[in-house]
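Following: one structure in structure tokens, then a few remarks.
Throughout, read-outs are computed from the coordinates displayed, never taken from laboratory work. Since this is a predicted model, take the numbers as computed values, not measurements. Cβ atoms come from the backbone with ideal geometry, glycine included; neighbour counts cover every protein chain shown.
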Amino acid sequence: MARSRKPGIIQGFDAFDTVAFYAFCLSAPLFLPVLEQWRSMTASTASSWSFLPSVPFASALSLAAMFTALAFLFVCLLKTAHARVSRAIMVLALVCYVAGYGLLDLWSFSVLDGSLVEAASGLAMGFGAAIMCLVWVSRLHVMEFKSALRVVWVAACCLFGGSSLLQLMGAPLARVLLTAAALLSAIGCARLFFRTEREDERAIQAGVNWWDVFGHLDVSVVEGTSDFKTPLARALFFVVMPFATLLLFVAGNGLPQAISWEVAPLSLAGVLAVAAMLVLLRFKTDQALINFSYRFFLPLVAFAAFAATAFADAAWQHTVMMVGSLAFCTIYALVMSAMLVAMAGHMRSLALPAAGIMIIIGCVVCLLSGASVSTGVLGDYLYHVLLVLFVTLAAALMVTPSSRLWHVILEGINAVESGEGDAQEGYVRRCAELTEAYRLTLREAEILLLLGRGHTSAFVADELTVAESTVRSHRKNIYRKLGVTSREELFKLLDEGVSEDS
């Protein structure tokens, strides 16, 4: 199966598709930095007189996009094989997006005014942007996590880098560039949709229902899923960490500052985040990248934010912590988005649900960005709340087997998609081939099978009921016999054989 291998090049996209996709990331107010850019260039008229209830632009856009995504999620749960974006919906979405952007431009230039114009532009753009986002994600077809991370990273560069530059250019030029990028993205999305409509529909109907996969994912489809079945691990992974990250964003974004920013703090944090993520783009295998991302990199970012705060001047400590917390939230969101994109690539029927989840979370972030948390009971202790949340997240990332949970999910998808557990069988076969070729002992073969799945020496020792020092000794012998010097090289050696089998 073909896979995207070059940074910034998306499988199935030509040059125009790629440019249009990144133009959408730069210009869609569905993303908070773009929304904040438009907030700074418009004056809300929600309090002006109208015979209808007044709705601010940001709220109207976020609510329209959120309910659109929820509607598609509901349809996907009822009849997944037939859930798709039809031609009529796509045409309506493009018209609404272009019309909404036009109203937004006229409103920002004070040609039109009134709460109805503000609400109408938000509702139209929210619906149009949500449908376009569903189409873009469903057409990405990126299967490897490292390729998905590259795509998401370039999109983040366009989003945060573009937002920072536009803020420095001034409002008139920013309006023109944003509108031009929005028009380009609408043309590109329409072109891609109508070119791939039939092919995508056939692929979804011929594939496996995503709900069937997740309905029995934690049974015997994949071996060694005891950590996935642990209620505490699942609660930390799917509930505590996302919720704590969202609270951390609210606390960091609402931290009062006396500094006059030429660039919005979120845009600055985003630029720092994408710069730090250059480390992740150097990994060669998904196995090593996923392990490093969750077990080491994210906790390291949290530690770096604390260290920078400790060495900063007292007057700058809150500022440094605010930017550090927002950068951490950004990296976490980008890594999770890349994993959802990779999951959608593995299973075509999962594309719309994955995109819907990303849209809903993005809309929640946009809605909470305007929340005032500097007043009230916790207003005086907001900085302390931020510190507690940061510590909680760093501890949860180190305790939770996040990388293993993602491996279980991806292996479960592959096993059900193949119908016979081919991914599991291919991995076991590859381990057996290496055992025979390099004359590994029976105990070394058992340890290789577990190490190759990303387990730690402590987990292997507990699983085989031996001392951890014994496992480390066997691991050293395995590395020597296989001619590898690191876990990444071991993963690469195992992946080569499995990829050839598939």
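Highest mean packing first, where packing is the average number of other Cβ atoms within 10 Å per residue, the peptides 327-336, 112-121 line up as 327-336, 112-121. Estimate the FRET efficiency between Val466 and Ala437 by the formula 1/(1 + (r/R0)^6), using the beta-carbon distance for r and 22 Å for R0, to the nearest 0.05. Computed FRET efficiency for Val466 and Ala437 comes out at 0.35. For the range 54-170, the equivalent ellipsoid built from the Cα gyration tensor has semi-axes of 28, 22, 11 Å, listed from largest to smallest. Using a simple spin-label model with pseudo-atoms 7 Å out from Cα toward Cβ, Val91 and Lys476 lie 7.1 nm apart. Our coupling estimate for the range 161-167, obtained by passing each phi through the Karplus curve with A = 6.51, B = -1.76, C = 1.60 and θ = phi - 60°, is x, x, 4, 5, 5, 5, 5 Hz, Gly and Pro reported as x. What FRET efficiency, computed as 1/(1 + (r/R0)^6) with R0 = 45 Å and r the Cβ-Cβ distance, is obtained for Arg198 and Glu496, rounded to the nearest 0.05? In this case the efficiency is close to 0.80. Normalised by residue number, the volume inside the convex hull of the Cα atoms of the range 420-501 is 90 Å³ per residue. A crude spin-label estimate for the pair Ser110 and Thr392, with each label 7 Å from Cα along the Cβ direction, gives 4.5 nm.
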